[in-house]
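**Student:** Sending over a structure as structure tokens; questions will come in a sec.
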Amino acid sequence: MINMKKKPSLTSIFSLFSTGITIVTNGNIKANYFGCTINSFSSVSLNPPMFLFCLGNYNNYLKTFKLGSSLNVNFLSFSQKKLANKFASKIEQRWQDSVYSLGKNKVPFFKSSLGVIEGKVQKKIKSGDHTIIISQITDFYKLSAKKPLIYYKSKFQTI
């Protein structure tokens, strides 16, 4: 029987949905690189090939995702847990000592990821306290068959 008197927080309910962990990167010159750990990735369409992710409206780098700008989505493996934490922490330390390569679009990506999608921002939709960024896929790569990094009950885990 459900205890209706003690209502859980919305955050605790959202934490019951397991999601994959990604790092979205953009910028095509080192001084402008940005990367951020997100779990709000979703495929949108196969034809044309599109995906979306969300960033908080408070994120100072939201403005770097301009219409038509290039970006990469890195699907993280469990072995990249430290990298996920690093790109979720202080902005100044994210690229320090990080090993990355550049994609065809000149945007950084992490070779130790499970896979990478290259894309271009097509649309930004402000909704609530986040902005939905819809992007068209320009290329993609499968890089590894390791176990995925997932987020469940507010912790990094794997399957």
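Laboratory data are not the source of any read-out in this text; all were calculated from the coordinates shown. Keep in mind the model is a prediction, meaning the values are calculated, not measured. Every residue, glycine among them, receives a Cβ derived from its backbone with ideal geometry; neighbour counts consider all protein chains shown.
**Student:** Apply the a/c threshold of 1.5 to the C-alpha gyration tensor of the chain and tell me whether it is rounded, prolate or oblate. Can you show the working numbers first?
**Tutor:** Values: a/c = 1.63, a/b = 1.40, b/c = 1.17.
Prolate, because a/c is 1.5 or more and a/b exceeds b/c.
**Student:** Oh, and also: In debye to the nearest 20, how big a dipole does the chain give about its Cα centre with +1 on each Lys and Arg Cβ and -1 on each Asp and Glu Cβ?
**Tutor:** Values: 23 positive and 5 negative charges, 68 e Å.
Result for the chain is approximately 320 debye, rounded to the nearest 20.
**Student:** Another question, if that's okay. Pop a pseudo-label 7 angstrom from the Cα along the beta-carbon direction at both residue 124 and residue 64 and give the gap in nm to one decimal.
**Tutor:** 1.3
**Student:** With a cut-off of at most 13 other beta carbons within 10 Å, and DSSP calling the residue loop, which trypsin sites (Lys or Arg not before Pro) in the range 51-85 qualify? Please list them.
**Tutor:** 66
**Student:** Report ³J(HN,Hα) in whole Hz for each residue of the range 53-58, in order, from the Karplus equation J = 6.51 cos²θ - 1.76 cosθ + 1.60 where θ = phi - 60°; Gly and Pro get x.
**Tutor:** Using θ = phi - 60°, the values come out as 8, 10, 10, x, 5, 6 Hz.
**Student:** Helix-only estimate, please: 222 nm mean residue ellipticity of the chain, summing -39500 (n - 2.57) across DSSP H runs of length 4 or more and dividing by its residues, to the nearest 500. Don't skip to the answer; put the middle values down first.
**Tutor:** Working: 2 runs with 11 residues, N = 159.
It comes out at -1500 deg cm²/dmol, rounded to the nearest 500.
**Student:** For residue 158, enumerate residues with amide H under 5 Å from its amide H, sequence gap 5+ or separate chain, H modeled in the peptide plane.
**Tutor:** When sequence neighbours closer than 5 places are left aside, the close amide H contacts are 150.
**Student:** If you don't mind, there's one more thing I want to ask. If you find the alpha carbon centre of the range 93-138 and of the range 5-42, how far apart are they in angstrom?
**Tutor:** 12
**Student:** Also: On a straight-distance basis, which lysines could pair with residue 142 in a cross-link, Cα separation under 22 angstrom, same-chain partners fewer than 8 positions away excluded?
**Tutor:** Hits, sequence-local ones excluded: 81, 82, 104, 106, 111, 120.
**Student:** Calculate one ³J(HN,Hα) per residue across the range 133-145 by plugging θ = phi - 60° into the Karplus curve 6.51 cos²θ - 1.76 cosθ + 1.60, and present them in order as whole Hz with x for glycine and proline.
**Tutor:** 10, 9, 10, 8, 6, 10, 6, 7, 9, 9, 10, 8, 10
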